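The values are calculated or read from the model by the stated rules, or taken from the named source; none is laboratory data. Please read all numbers here as calculations on a predicted model, not as lab measurements. For neighbour counting, all protein chains shown are included, and Cβ atoms are generated from backbone atoms with ideal geometry for every residue, glycine included.
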Amino acid sequence: MITDVHSFSIQNEGILGVRAINRNRRGLSGSWALPKTSELEGFRILSPGMALGGNSDWFIRPPMNSTKDLQVEIKAEDLTALMEAVAAHKDKSSFARLFNYFAPKVRAYMLRLGADAGAADDLVQDVMLTVWRRAPQFDPAKAGVGTWIFTIARNRRIDVIRKERRPEIDPNDPALVANDAPSADAALQQKRDQSSVRAAISELPEAQAQILRLAFFEDLSHGEIANELDLPLGTIKSRIRLATEKLRTKLSEIG
Amino acid sequence: MAKFHPEPEMLMEYAAGSASEPISLVIATHVAVCPECRSRVAEYEELGGALLEDIGDGDVDQRVFDKVFSQLDAATPEICEPAAQPTEEEADLRIPNPLRSYLGRPLEDLAWKKKGPVEEFEFLTDCPGVTTRLLKIKSGKAMPRHTHEGMELTLVLAGGFTDQGLHFGRGDIEVADTQTDHAPVADEREDCYCLAVNDKRLRLTGPLSRFVNPFIRL
């Protein structure tokens with residue numbers, strides 16, 4: 001929900017993204033997203049030169065005394081549609097929306113994992129170009145857009161920063177043992193969107209959510225997490241098990 | 001179908017990308033022959049995706065956006081054309097990928113080194129503190145009694161062995177640590193091939209000196 005100052009970026013083909021800046025909550029940082037044209041109605045568009053340090057950013061302001069909110073949250077199903085548009089006809093404006101939604105998250109992920117600002121920017125480029133190139137391989141039946149981009153970011157980081165190979169299964173390998181009876185769990189999992197997982201995480205006790213974030217964002221083994229938090233490894237493991245058990249219960253209720 | 005699986009935490013470390021390359025290789029190769037662990041890893045990746053979406057937004061410099069967009073037209077899409085796969089007859093189906101791509105040749109053609117009753121082939125040698133090797137135990141033979149420094153994961157690729165009353169077959173993972181003093185005996189019927197990774201830096205916890213993990217649904 002954005003009510004303050006916004007900017008948007010104009011490229012050759014029109015508006016590509018709105019930088020929604022909410023001074024109350026985040027100071028001058030903000031996220032990128034693309035509102036529908038109708039949502040921009042009544043907003044005053046300022047020319048580029050007026051932006052502080054603005055390059056191709058254009059700033060817009062809501063009408064005076066307006067209570068109008070700009071909805072810039074992109075929903076999970078929209079992400080899938082955007083990915084499909086990129087895969088089917090290399091749609092750049094859909095890709096721009098995906099970029100604006102995911103690039104800041106990928107950058108934050110790389111910074112959390114110890115990359116410096118320059119390396120994080122390089123990895124954002126690398127990951128987003130990989131998303132563009134591999135878009136035809138995206139299969140919404142297998143994973144949500146967020147999950148798919150997470151695996152790309154994870155693998156590119158291992159490759160570029162750790163300079164290691166990422167051993168992964170090969171779905172076309174004749175030696176792969178197929179899942180002949182897909183469990184009910186797997187079917188549920190396919191239909192579930194990322195937002196339900198996020199909602200379930202938000203209901204975890206903070207100590208459990210914290211350990212999940214450490215496990216995914218600090219490049220720490222569970223033993224190292226135990227050292228970091230000065231807790232016995234057994235406590236870490238039982239928190240992780242409790243957290244995953246709770247998530248699974250929550251999601252099967254929703255399913 | 002495998003009976004002994006990696007601990008859920010190991011699957012999570014693999015999904016998160018924090019496990020070392022050799023440990024990841026054992027996990028990924030197990031996951032290739034174990035659909036249950038494969039769906040478990042997919043669940044953990046889904047968790048990773050949700051955490052990524054929740055990570056909070058920073059700013060991305062407009063120049064990064066511009067750089068990416070300036071390269072889109074030149075970027076060749078990777079169409080989903082599977083790489084040429086060996087036919088079932090040609091492939092050494094005892095070694096699933098990713099392990100097969102690391103070895104590059106059938107088991108018989110590797111440069112095995114004889115060590116007592118066991119032959120071994122070491123690879124992935126640039127990981128400090130970690131030893132990655134294939135083991136071949138002749139049918140009916142026992143490995144000499146041994147203990148380990150750190151933790152050892154052993155994944156059975158072909159044949160099987162019996163250790164301290166438990167039988168490990170294709171796809172099974174045995175986890176052993178410093179306190180494990182064991183002497184696995186290969187099955188009578190055929191030679192046993194295993195992938196074994198020893199990580200001196202890792203320690204097991206808990207009262208069990210040897211940890212086996214029959215599948216427990218959390």
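In the set (1) under 14 Å from B:Val26 (Cα atoms); (2) at pLDDT below 85, the condition left unmet by B:Asn213 is number (1). Scanning segment B:11-33 for residues that are more than 7 Å from chain A (Cβ to nearest Cβ) and either touching a residue at least 60 places away in the same chain (Cβ under 8 Å) or under 17 Å from A:Ala178 (Cα atoms) (or both) yields B:Ser20, B:Pro22, B:Ile23, B:Val26, B:Ile27, B:Thr29, B:His30.
Which of the residues belonging to segment A:221-255 are surrounded by fewer than 20 Cβ atoms within 10 Å (Cβ to Cβ), of a type in the set (A, V, I, L, M) and farther than 16 Å from B:Ala50 by Cβ?
Of segment A:221-255, the ones surrounded by fewer than 20 Cβ atoms within 10 Å (Cβ to Cβ) are A:223-224, A:226-235, A:238, A:241-242, A:245-246, A:248-255.
Right, trim to of a type in the set (A, V, I, L, M) and you get A:226, A:229, A:231, A:233, A:242, A:251, A:254.
Scanning segment A:221-255 gives A:Ala226, A:Leu229, A:Leu231, A:Leu233, A:Leu242.
Against the conditions (1) surrounded by fewer than 21 Cβ atoms within 10 Å (Cβ to Cβ); (2) more than 8 Å from every other protein chain (Cβ to nearest Cβ); (3) of a type outside the set (Asp, Glu), A:Ile211 satisfies every one except (1).
Looking across segment B:119-137, just one residue is over 18 Å from the mean Cα position of the chain (by Cα) and either over 19 Å from B:Ile173 (Cα atoms) or modelled with pLDDT under 90 (or both), and that is B:Glu119. Restricting attention to segment B:79-107, the residues that are modelled with pLDDT under 60, surrounded by fewer than 10 Cβ atoms within 10 Å (Cβ to Cβ) and closer than 23 Å to B:Asp191 by Cβ total 2. Screening the candidates B:Leu157, B:Leu153 for the property of being in contact with a Pro (Cβ under 9 Å, 6 or more places away or on another chain), surrounded by 21 or more Cβ atoms within 10 Å (Cβ to Cβ) and within 15 Å of B:Arg94 (Cα to Cα) yields one hit, B:Leu157.
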